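Contents: one structure, followed by commentary.
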Amino acid sequence: MRLLVIFCHPSADSFGAAVLSRAVAALEVGGHELRLRDLYRMGFDPVLSRTEWEDYLANPEANHARQADHIADLQWAEGLVVVYPTWFYGPPAMLKGWLERVWLPGVTFEIPRFKGDRPRPRLQNIRLFVGLTTSGSPWWWLRVIRDPGRSLFTRGLRPLFHRRARVVWRQLHSMNNVTAAERARFLDRVETTLKAL
């Protein structure tokens, strides 16, 4: 399977980088074809400019041209793997900016024509979504507040994919208080999960 792997963490020495390394190794063992995009190492600019905002609906092709490489990656992929830390109950600003600047009308969805309609999906090529993340909050607290970070991907963006797309989510909770053994178990779980895809 062709998989686009998006990594978002400012530190190459982070636990997130260890998750990425284990994930990539497991996917390669499985024979998947990977494109890895490390948003921080690429120097991706997450800021939506005024020009981009003005072109969003009025001239979407201009924004498509600005993000042609990232759009080509999305259109090439059959699956999407996102590795990132959960900060303030959601993805880092870098990853959120990637969504805002790359997941454009005419690329990932069509703007509804009528009030009350939902966006029409354009990522029918995506048949697998994998989210790998960590969070400082305990699992029970995220459940109380309805886990907004997870919901963004698995409820908000999921409808843009193929209607039978599989969703896999692995999250290490209470990240700031886990032991080395718990981190190792999480890495093993990531590896086992991805080898089974």
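The values are calculated or read from the model by the stated rules, or taken from the named source; none is laboratory data. Since the structure is predicted, the reported quantities are computational estimates derived from the model, not experimental observations. Note that each Cβ is placed from the backbone with ideal geometry, even for glycine, and that neighbours are counted across all protein chains shown.
Of note:
- Scanning the stretch 146-162 for residues that are more than 15 Å from THR108 (Cβ to Cβ) and surrounded by fewer than 17 Cβ atoms within 10 Å (Cβ to Cβ) yields ARG146, PRO148, SER151, THR154, ARG155.
- All told, LEU99 meets the bar of being within 18 Å of LEU4 (Cα to Cα) and under 11 Å from the mean Cα position of the chain (by Cα).
- Of all residues in the stretch 3-22 being part of a loop (DSSP other than H, G, I, E, B) and buried (at least 16 other Cβ atoms within 10 Å of the Cβ), the one that is farthest from the chain's Cα centre (by Cα): HIS9
- Among the candidates ARG155, ARG183, ARG113, ARG122, the residue that is of a type in the set (Lys, Arg) and either modelled with pLDDT under 95 or in contact with a Cys (Cβ under 7 Å, 6 or more places away or on another chain) (or both) is uniquely ARG113.
- Filtered residue count, the stretch 116-175, keeping only those that are part of a strand (DSSP E or B), over 15 Å from the mean Cα position of the chain (by Cα) and of a type in the set (A, V, I, L, M, F, W, C): 1
- Matching residues in the stretch 159-196 - criterion: being more than 17 Å from THR86 (Cβ to Cβ) and of a type in the set (Asp, Glu): ASP188, GLU191
- Any hit, the stretch 54-67, residues being part of a helix (DSSP H, G or I), among the hydrophobic types (A, V, I, L, M, F, W, C) and surrounded by 13 or more Cβ atoms within 10 Å (Cβ to Cβ): yes
- Test for SER11: is it out of contact with any strand residue (DSSP E or B) (no Cβ under 8 Å at 6 or more places or on another chain), hydroxyl-bearing (Ser, Thr, Tyr), free of Cβ contacts under 8 Å to residues at least 12 places away in the same chain and under 30 Å from GLY136 (Cβ atoms): yes
- Meets criteria (surrounded by 13 or more Cβ atoms within 10 Å (Cβ to Cβ) and more than 19 Å from ARG170 (Cα to Cα)) for PRO112: no
- Subset of the stretch 119-142 (residues that are within 27 Å of ALA65 (Cβ to Cβ), surrounded by fewer than 18 Cβ atoms within 10 Å (Cβ to Cβ) and among the basic types (Lys, Arg)): ARG120
- Checking every residue in the stretch 178-185 against the condition of being within 30 Å of ASP45 (Cβ to Cβ), of a type outside the set (Asp, Glu) and not in a helix (DSSP H, G or I) gives zero matches.
- Taking (1) touching an Asp or Glu at 6+ places or on another chain (Cβ under 9 Å); (2) more than 21 Å from TYR40 (Cβ to Cβ); (3) buried (at least 17 other Cβ atoms within 10 Å of the Cβ) in turn, ALA165 satisfies each apart from (1).
- Here the condition is being surrounded by fewer than 19 Cβ atoms within 10 Å (Cβ to Cβ), touching a residue at least 12 places away in the same chain (Cβ under 8 Å) and under 30 Å from ILE145 (Cβ atoms); of LEU95, LEU48, it holds for LEU48 alone.
- Residues located in the stretch 23-40, provided they are surrounded by fewer than 12 Cβ atoms within 10 Å (Cβ to Cβ) and not in a loop (DSSP other than H, G, I, E, B): VAL29
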